[in-house]
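J.: First, the structure itself, so that you have it in front of you.
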Amino acid sequence: MQRCDSRQASTPYYDSMFSRGLRLQLKLELRCRTMFSFLAFLSILKIAQAVEGVIWSKSARNFVPLFSISRFAVLNDERIQRSKDLEWHDFQHEVLKVAYYQEKNLVSFIENDTRISGVVGEVWEILANYLNFTLVPVRLQERNFGNELENGSYDGILGLIQSNQSQIIPRSGIFRNRLSLVDYTVPLWNIRYHLYIKPEWSHDDAWMFHLFSLKVWYTFILFLVVLSIAGYICEKNSFMKTNEKIVYNLQDHIFYTAAIACNQGCVPAELHNRSRLIYICTSMFSWVILIAFSSNAIFLMMNKKFILPFTGLRSLIQDSKYEVVAFSGSMVHKDFKETVSKYYKYSRDIKRVSYAPAAGEIFRKVCFTEDKKLAAFEAEDRHKAIGKNICRLIPTKASYFETWIASAIKRGFRYKRSFDIGILKLSEFGIIDGLRDRWLDWKFDDHEEIPFQSIDMSQVHLIFSILVLGLIMSLLILLLEYLTYFRGRLFVKKKSKPNIPKVTVKPKLPEIDRNRVFHVYR
């Protein structure tokens, strides 16, 4: 027993010794891991400095960077110099041809077609001065970006690139199927294609109901019901104390509470005196609602809204009477034809899609055609560049063919990286953003002066409709009250009339003397 007790007494000492040894072992292991990580980091730095690898040095008895050796360093310097020459090449007034067609504010030809302006045109004019080359514009009269023909060749601008008549396309979307013919520079901006329509603004006929949201209306009705129940409970408690009979039920309380909230009618004195506090709260609440309603009534009455008749190509073809106008020379012309053909339901739907030879003509058709409704299928930047001077058009929700806008260079051009570096520099200094703000970004003045317009029946016909409906309901209620009154009156008359039993009265004949009759007869 003593040994057992002594062993139990010494257990905490052995536990403390074991915990100290475990701590020392963990610290030693942690230090070893830290040292190993540090050595591995140093070795990674040495390998990273080597760039192309390491080589064994007999003199140093260790691996050394490959380019620390003189002959390899010379080769590396030559390679870096060649790369710099490609990136910072001096063209020495070399002639480079840029081919495109006239597009206002994007690529515009000026000074007898010897220079180009617009957001993309000025980018290339700046690059020509920066990289010291001569930019020669080639203007195409036919607005055709280019499509692949049956023999494998291209027409339009891509045809000029294929035949070496031009080296640069200033504006192009980045598409994978054209990489065999052109290379793309650093992207300038991102675009999507939308359907643009001329908005038709109209007054909101149900503006009285749209003044408050559904949650506000539900809260308003719930609050009136709660006040009605509270008034009914107060009246019930008051009558229970005086042992009187309850005159008004819950339905009457709801009716009079709604009348107070609508500022219509009056509450009977008996009902008002027994729950004054509740009806004062109802009156204050109704005045707050009335002030909120009247403060926005004129604004909503005069306000106009626009509802999209469709959201995309599918709903346009299948659920609307609109027609589509697209640019025949667009870079997505072929893809657009394949996409819209999927939504045809009838053969006549093919006639609802037409094409125009210029983007400006598309916007003019949509803006000024009165006999039918049209929608323009165009890119965002072209709409901002051309459509802003024609009329106001609004895009629909759906977007198509999202891509980056860049410049296309003939594939195999040696100094394309010089253009990339130049465009990056222009972007870093904010020059491209400034050009976009100048040529593309525009806003409509929503605060333009609008001539005074009288309020017509289309804006207030709902008010008169509610008044007429209320008048009809009042007449019906009045008619029902009259019918109920006369029916009750007849019932009261019948009930008050005494119920006298009918008695049949027989006439009393005079008595006849039989002896006399017998004597006469005899």
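J.: Name every residue in segment 161-177 that is closer than 15 Å to Gly329 by Cα and among the aliphatic types (A, V, I, L, M), in order of residue number.
T.: Ile169
J.: Applying the selection to segment 94-123, what residues are in contact with an Asp or Glu (Cβ under 9 Å, 6 or more places away or on another chain), part of a helix (DSSP H, G or I) and of a type outside the set (A, V, I, L, M, F, W, C)?
T.: Gly118
J.: Something else now. So, in segment 359-401, of the ones that are among the hydroxyl-bearing types (Ser, Thr, Tyr) and crowded, with 17+ Cβ neighbours inside 10 Å, which residue ends up farthest from Thr311 (Cα to Cα)? Spell out how you get there, then give the answer.
T.: Initially, segment 359-401 is screened for residues among the hydroxyl-bearing types (Ser, Thr, Tyr), giving 369, 396, 399-400.
Of the ones still in play, those that are also crowded, with 17+ Cβ neighbours inside 10 Å are 396, 400.
Details: Thr396: 5, Tyr400: 12 Å.
The residue in question is Tyr400.
J.: Follow-up question, since we're still on this one. When only residues in segment 87-99 that are surrounded by 14 or more Cβ atoms within 10 Å (Cβ to Cβ) and hydrophobic (A, V, I, L, M, F, W, C) count, which is modelled with the lowest pLDDT?
T.: The qualifying residue modelled with the lowest pLDDT is Phe91.
J.: Something else about it: Hey, can you tell me all the residues within segment 323-362 that are touching a Leu at 6+ places or on another chain (Cβ under 7 Å) and in a strand (DSSP E or B)?
T.: Within segment 323-362, Glu323, Val324, Val325 meet the criteria.
J.: Could you please give the count of residues in segment 402-440 that are of a type outside the set (Lys, Arg), within 34 Å of the chain's Cα centre (by Cα) and surrounded by 13 or more Cβ atoms within 10 Å (Cβ to Cβ)? Let's see the steps before the verdict.
T.: Going through segment 402-440, the residues of a type outside the set (Lys, Arg) turn out to be 402-409, 412-413, 415, 418-424, 426-435, 437, 439-440.
If we keep only those that are within 34 Å of the chain's Cα centre (by Cα) too, we end up with 402-408, 423-424, 426-435, 437, 439-440.
Still in the list and also surrounded by 13 or more Cβ atoms within 10 Å (Cβ to Cβ): 403-408, 423-424, 426-427, 431-435, 439-440.
Selection size over segment 402-440: 17.
J.: Same structure, new question: Is it true that Val119 is under 42 Å from the mean Cα position of the chain (by Cα) and under 21 Å from Pro187 (Cβ atoms)? First the steps, then the outcome.
T.: On the way: under 42 Å from the mean Cα position of the chain (by Cα): yes; under 21 Å from Pro187 (Cβ atoms): yes.
The answer is yes for Val119.
The values are calculated or read from the model by the stated rules, or taken from the named source; none is laboratory data. These numbers were taken from a predicted model, which means no experiment stands behind them. As a convention, Cβ positions derive from the backbone with ideal geometry for all residues, glycine included, and neighbour counts pool all protein chains shown.
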